[in-house]
Each structure stands twice: as C-alpha cells, then as structure tokens.
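K.L.:
Quick one: this structure, given as structure tokens, is what I'll be asking you about.
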Amino acid sequence: MTNAEKIALITGGGTGIGKAVALALVEDGYAIVLAGRRQAPLAETVGEAEALGGRTLAVPTDISDPDAVDALFAKTRETFGRLDLLFNNAGFGTRGTALEDLTHAQWTSVMDTNINGTFLCTQAAFRIMKAQDPMGGRIINNGSISAHVPRPGSAPYTTSKHAI
C-alpha cells in the first residue's frame, strides 16, 4: 500500500497543531479527515489541503459526544473505506481560572473532550482498524508540555494532558 492510499483522521484539525499535522500528511500523500467543533476553521484547512492536491473530508464533530464520534467514524469508513492513522489532537482548557474558582461544569467540559473524547475516538478507530484489510493502523495521542510544565490556572488542562 502506498501513502496515496492511506487515510488519516485528525481531531482538532482546523487550527494549530492539528492543522499543521493535517497539511503535512497531505504533503506526504495521505487523504485526510478533519474533525473539529467549528466549521469555519475546518473549511479553511480543507482549502489549504486541496490546494496541495489532497483528498479531504471535513466533519464538524464534538468528540465529547459518543453519537457524534460514531457518525464521524461512520462517515470516514463510508467515504474512504478504511482508516490508517488517527491523530487524537482535539482539546482545550479553561483560561487562567484559579483552582478554587473553577466550576464543576468547567472541569467536566475539559475532561469530556480531552480524555473521554480521546477514548471515544480511539475506540472507534480500533473497530475500523481491526475490521479492515489489511488490518491495523496507527494511533497518535497528542499530549502537551503542560503535563510536565503546567501554567498557572490550568489545572483541568494539565490534568487531562497527564492522562493522555
């Protein structure tokens, strides 16, 4: 199998590291699936990827929602028939919130995306990768230096990146 036949799915693929990885994979011959909450950044990345000659699919997705993750991976399988690489990158944190001021909803929101979303995407990728021929693929979970050098007011993000 050549790289031109390989399919990569990148969560958080509309901006930052996810966008950079998506474009690098396109340059290496991968077709890409971009997942993210916001349509506009996904569309911008699609435009850049297609200008490089890449085959793309953008699926607005909240990876903390199991049904949305199932739909993302079903659309990936329907469109490309397989998945060779999952780059778990989606994540966010609270902005400079002191631990004692952090609400349970803020904490849970970060954990639901950064940890539970990574789990849901990994689980869905396993299902596709085990069923395809040839079987297998690669899963990369993107952590953060924040796991080792946390910033003040970043307890949920730092905790979640330790988990990853």
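The values are calculated or read from the model by the stated rules, or taken from the named source; none is laboratory data. Source: prediction; values computed, not measured. Heads up, the Cβs are rebuilt from the backbone with ideal geometry, glycines too, and the neighbour counts pull from every protein chain shown. Ligands, DNA and RNA are excluded from the accessible area calculation, which covers all protein heavy atoms including side chains. Shrake-Rupley method; radii C 1.70, N 1.55, O 1.52, S 1.80 Å.
K.L.:
Which of (1) touching an Asp or Glu at 6+ places or on another chain (Cβ under 9 Å); (2) in a helix (DSSP H, G or I); (3) over 27 Å from residue 131 (Cα atoms) is the odd one out, the single condition residue 14 does not satisfy?
P.N.:
Among (1) touching an Asp or Glu at 6+ places or on another chain (Cβ under 9 Å); (2) in a helix (DSSP H, G or I); (3) over 27 Å from residue 131 (Cα atoms), residue 14 violates only (2).
K.L.:
Another question about this same structure. Can you tell me which of 35, 43 is outside any strand (DSSP E or B) and either in contact (Cβ under 8 Å) with a residue 12 or more places away in the chain or of a type in the set (Asp, Glu) (or both)?
P.N.:
43
K.L.:
Quick check on the stretch 69-81. Is at least one of its residues touching a Ser or Thr at 6+ places or on another chain (Cβ under 7 Å) and farther than 16 Å from residue 114 by Cα?
P.N.:
Checked the stretch 69-81: at least one residue is touching a Ser or Thr at 6+ places or on another chain (Cβ under 7 Å) and farther than 16 Å from residue 114 by Cα.
K.L.:
Go through the stretch 139-158 and count every residue that is open to solvent by less than 60 Å² (accessible area, probe 1.4 Å) and either of a type in the set (Val, Ile, Thr) or part of a loop (DSSP other than H, G, I, E, B) (or both).
P.N.:
7
K.L.:
Here is a follow-up. Please go through the stretch 5-45 and pick out each residue that is touching a helix residue (DSSP H, G or I) at 6+ places or on another chain (Cβ under 7 Å) and open to solvent by 60 Å² or more (accessible area, probe 1.4 Å).
P.N.:
Answer for the stretch 5-45, where residues must be touching a helix residue (DSSP H, G or I) at 6+ places or on another chain (Cβ under 7 Å) and open to solvent by 60 Å² or more (accessible area, probe 1.4 Å): 15, 28.
K.L.:
Can I ask one more? So residue 101 clears everything in (1) among the acidic types (Asp, Glu); (2) touching a helix residue (DSSP H, G or I) at 6+ places or on another chain (Cβ under 6 Å); (3) over 24 Å from residue 45 (Cβ atoms) except one condition, right? Which one?
P.N.:
Tallying (1) among the acidic types (Asp, Glu); (2) touching a helix residue (DSSP H, G or I) at 6+ places or on another chain (Cβ under 6 Å); (3) over 24 Å from residue 45 (Cβ atoms), residue 101 fails exactly one: (2).
K.L.:
If you check 115, 128, 140, 63, which single one turns out to be hydrophobic (A, V, I, L, M, F, W, C), touching a residue at least 24 places away in the same chain (Cβ under 8 Å) and within 23 Å of residue 44 (Cα to Cα)?
P.N.:
63
K.L.:
Ok, one more. Within the stretch 46-64, can one find any residue that is open to solvent by less than 70 Å² (accessible area, probe 1.4 Å), on the phi > 0 side of the Ramachandran plot and of a type outside the set (Phe, Trp, Tyr)?
P.N.:
Checking the stretch 46-64: at least one residue is open to solvent by less than 70 Å² (accessible area, probe 1.4 Å), on the phi > 0 side of the Ramachandran plot and of a type outside the set (Phe, Trp, Tyr).
K.L.:
Can you pull out the residues in the stretch 111-164 that are at pLDDT 95 or above and either more than 30 Å from residue 78 (Cα to Cα) or among the acidic types (Asp, Glu) (or both)?
P.N.:
Listed by number, the list holds a single entry, 112.
K.L.:
Please go through the stretch 70-108 and give me each residue that is surrounded by 16 or more Cβ atoms within 10 Å (Cβ to Cβ), polar (S, T, N, Q) and assigned to a helix (DSSP H, G or I), ordered by number.
P.N.:
Residues satisfying the conditions are 76, 106.
K.L.:
For the stretch 117-137, which residues satisfy the criterion of being surrounded by 13 or more Cβ atoms within 10 Å (Cβ to Cβ) and part of a loop (DSSP other than H, G, I, E, B)?
P.N.:
If the condition is that a residue be surrounded by 13 or more Cβ atoms within 10 Å (Cβ to Cβ) and part of a loop (DSSP other than H, G, I, E, B), then 132, 137 are the ones that fit.
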